[in-house]
Amino acid sequence: MGNTRQETNRENEDEQEQQQDGRKKLIDDSTKMVFGPKTTLYFLEKDVRRNRIKKYEVDTLLNNFHYYEPVAKSGWKYQDLGNVGSAAQHIFYQAPVMIGTTSGFHAYDLYHQSTDSVKYYDTKSPFTNMELYFGGGNRNMMDLEFARNVTPKWNVGFTLNTIRARKTLNPNRRDDNQAVKNAYVFHTSYKSDNDKYLLLANFSRTRHQVAEQGGIIPPDVDSTSLYFTYEDAKVWLRGASAVDLRQDIHVYQEYEILKGWQAYHVFDKRRQQLSFRAGLGPESAPFFDRYNPERFNRPDSTINVNDFSEWRNELGFKGDFGPVYYNAFAKFRTGRMKGNYQVDPFGFDEFSVGGALRGEISERWRFEAEGEYLIPGAFRIHGKFISPFLEATYTKALYKPTAMQMLFRGNHHRWSNRFSNIGLDQVQGVIKADFKRWSVRPNVTINRLSNFVYFDENQQAAQANGDAFMLIPGVKTSFNVRGKLFWETEAYYTLITGGSSDIFRIPEVFANSRVYFDSPMFEENLFVQIGIEGRYRSEYRADFYNPALQQFYLQGAERRFLVAGYPILDFFLNVRINRTRVLVRYNHINDNLLSVPGYFVTPDYTGLRGMLDIGISWPLFD
């Protein structure tokens, strides 16, 4: 959904390819510069790997521009701790693509750019994009991007991303930050003169530091503690800190042996270092005494450090036979997880084989199938059918529990498990009824999960004995009046049954909706999008969060905390002048207008109060 009418209003950005003396002119006869989105394109590795080379223009549209923080970009489908950069998990179950061993520390995945999402550019001129976001309460973000072609077939670039988010609960000073993130990616792409060899490579480093607070002290523990006092809230922890440091080296290269037939190689070296540090003095000790009274290693402080590293090599070949694409590969991964209290690390060696097949009658009619078998005992099969009226996918998998779920040694928790692999069957379908002025897309997701591994009410890794069945019907709608007034809605209903249904805590009703006006003004020199949007999750027993484990875990019978259903309304204004975009968003405009003073996103963590956000995106094409 979304308005794309702005695409037709870029006459000043079109590349003028007039020829003079055998060379392309970069300046027209009126000395007007012609660099712009049409001369600055990017492509993704996933398209290269599937021989669907597609180059995209740099985004200068207004639609969803006010969704600048990661949780909002997801369509508000994450449960976090009420602030940018805080720990987060997806509201709905997500089928994994990786069937092998992962670290198990995923609370900050949302803020890390994966190697397969890196953009590789092809630019006619140096390209720089600067984005600054100033959120209310000093929740600030910055994105800086640069790329340029060294030669017509060799491009280099980098991205820089930062977060500085002040605590929303009990800050001591103006710069008392809850989240501090510094991340950068260096990337390059190269193609040989004969177009037979292609190299894509990137190096990324992300350091994400969070001041963990443990949430608000419940009023039944401390009668002087109140929930909706925000800056004056009483929190459990002071001086506790979690750090997630990631470094990735990724190389993809392919060589065309024969016309339409390529051999390729993928190399990855990844490392994730995680730490949690907290003193166990009079201020912080009561939190651990209440939830984690054991002191296995240190009585005066908690210092949990875990180091996960892996190497991966994948060799394969791929090609096209008419409208059919094919691929086959062999992959080897080796790695280990080491904790500061572990005598021996948890190591793994994994070998898998797989392949893919795609048939494409046209851009609107195609099918895809892919599979991977991890020797022994794990596999993933995924199929997809796409037509103008229907999209359907099927996934069947048996994947491994994480390294952290299998073996962990911390100051308050320890376990050694022999869990079985987790089973998944998933069916998804979408009916597409798209017309000129309106669109209705009913959809459904059906999941069957067996032997699921989770964190129970005792904050221990556990494996379910029975199956869980999820039926999630939904709908996406879009209506517009004369291409200027829009109403868009997304809604889902979740029904969970089966012997292990209680370990999945998902709100029964989840809905987002917005109404906005979108139109050019002043002879199309100014584009404006203004509207109001709302979101709602019905009441549910949301998972608690354990900062020492960096994991979400189930509520127990001894303390039931219902995250109440609460409608949240936001106002937004997006403006574009030439290529510069500006956003203004007021969060929670219904703050203090309902019978309750606010809302929760996680037990003991309140959501945002009413506050103003502003942002600007400024691309430079020369």
For segment 414-427, pairs from a residue that is more than 17 Å from Thr445 (Cβ to Cβ) and at pLDDT 95 or above to a residue that is part of a loop (DSSP other than H, G, I, E, B) and basic (Lys, Arg), with Cβ under 8 Å and 6 or more apart or across chains, are Asn421/Lys400; Ile422/Lys400
Using the structure shown, decide if Phe127 is within 30 Å of Glu350 (Cβ to Cβ), open to solvent by less than 40 Å² (accessible area, probe 1.4 Å) and among the aromatic types (Phe, Trp, Tyr). no
Scanning segment 468-496 residue by residue, those open to solvent by 50 Å² or more (accessible area, probe 1.4 Å), in contact with a Phe, Trp or Tyr (Cβ under 9 Å, 6 or more places away or on another chain) and either charged (D, E, K, R) or not in a strand (DSSP E or B) (or both) turn out to be Lys484
Considering segment 546-574, residues that are within 23 Å of the chain's Cα centre (by Cα) and of a type in the set (Phe, Trp, Tyr), and then whichever is nearest to Arg139 (Cα to Cα), we arrive at Phe572
Per the list (1) touching an Asp or Glu at 6+ places or on another chain (Cβ under 7 Å); (2) farther than 30 Å from Gly466 by Cβ, residue check on Ser519 breaks on (1)
Log entry, pairs with first residue in segment 124-138 being at negative phi and at pLDDT below 95, second being surrounded by fewer than 20 Cβ atoms within 10 Å (Cβ to Cβ) and in a loop (DSSP other than H, G, I, E, B), beta carbons closer than 6 Å, six or more apart or on different chains, reads Ser125/Phe35; Ser125/Asp622
Note to self: Looking at segment 195-211, can you tell me whether even one residue there is open to solvent by less than 10 Å² (accessible area, probe 1.4 Å), at pLDDT 95 or above, part of a loop (DSSP other than H, G, I, E, B) and under 20 Å from Phe287 (Cα atoms)?
What the structure shows: no
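Within the group Ala542, Ala511, Ala548, which residue is part of a strand (DSSP E or B), open to solvent by less than 40 Å² (accessible area, probe 1.4 Å) and small (Gly, Ala, Ser)?
Ala511
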It is to be established whether one or more residues within segment 74-85 are modelled with pLDDT under 95, open to solvent by less than 70 Å² (accessible area, probe 1.4 Å), of a type in the set (Asp, Glu) and outside any helix (DSSP H, G or I). no
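Just checking, does segment 357-365 include any residue being touching a strand residue (DSSP E or B) at 6+ places or on another chain (Cβ under 6 Å), outside any strand (DSSP E or B) and not aliphatic (A, V, I, L, M)? Spell out how you get there, then give the answer.
The initial filter retains those residues of segment 357-365 that are touching a strand residue (DSSP E or B) at 6+ places or on another chain (Cβ under 6 Å), namely 357-360.
Adding the requirement that they be outside any strand (DSSP E or B) leaves none.
The answer is no; no qualifying residue exists.
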The residue that is modelled with the lowest pLDDT, considering only those in segment 337-350 that are over 12 Å from Trp311 (Cα atoms) and among the hydrophobic types (A, V, I, L, M, F, W, C), is Val343
Of Asn155, Asn161, the only residue that is assigned to a strand (DSSP E or B), touching a residue at least 40 places away in the same chain (Cβ under 8 Å), touching a Lys or Arg at 6+ places or on another chain (Cβ under 8 Å) and not hydroxyl-bearing (Ser, Thr, Tyr) is Asn161
In segment 516-530, anything within 29 Å of the chain's Cα centre (by Cα) and open to solvent by 10 Å² or more (accessible area, probe 1.4 Å) is listed as Phe517, Val528, Ile530
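Please specify each residue of segment 575-619 satisfying the condition of being within 18 Å of Arg139 (Cα to Cα), open to solvent by less than 10 Å² (accessible area, probe 1.4 Å) and among the hydroxyl-bearing types (Ser, Thr, Tyr).
From segment 575-619, those within 18 Å of Arg139 (Cα to Cα) are 582-589, 601, 605-617; that's our starting set.
From what is left, the residues that are open to solvent by less than 10 Å² (accessible area, probe 1.4 Å) are 583, 585, 587-588, 605-607, 613, 615, 617.
Scanning segment 575-619 gives Tyr605, Thr606, Ser617.
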Over segment 575-622, the set of residues farther than 30 Å from Asn170 by Cα, of a type in the set (D, E, K, R) and more than 24 Å from the chain's Cα centre (by Cα) is Arg576, Arg579, Asp622
For segment 97-136 the number of residues that are in a loop (DSSP other than H, G, I, E, B) and within 19 Å of the chain's Cα centre (by Cα) is 15
Cβ pairs under 7 Å, 6+ apart or interchain, first in segment 363-375 and open to solvent by 40 Å² or more (accessible area, probe 1.4 Å), second assigned to a strand (DSSP E or B) and among the polar types (S, T, N, Q), ordered by first then second residue, are Tyr373/Ser352; Ile375/Ser352
If we keep only residues of segment 427-448 that are within 27 Å of Gln551 (Cβ to Cβ) and in contact with a Phe, Trp or Tyr (Cβ under 7 Å, 6 or more places away or on another chain), then the residue most open to solvent (accessible area, probe 1.4 Å) is Arg448
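Looking for something out of contact with any His (no Cβ under 8 Å at 6 or more places or on another chain), of a type outside the set (S, T, N, Q), crowded, with 22+ Cβ neighbours inside 10 Å and modelled with pLDDT of 95 or more - is there at least one such residue anywhere in segment 91-99?
The answer is yes; a qualifying residue exists.
The values are calculated or read from the model by the stated rules, or taken from the named source; none is laboratory data. Quick caveat, the model's predicted, so the values are computed rather than measured. Glycine gets a Cβ as well: all are built from the backbone with ideal geometry, and neighbour counts include every protein chain shown. Heavy atoms of the whole protein, side chains included, go into the accessibility calculation; ligands, DNA and RNA do not. Shrake-Rupley method; radii C 1.70, N 1.55, O 1.52, S 1.80 Å.
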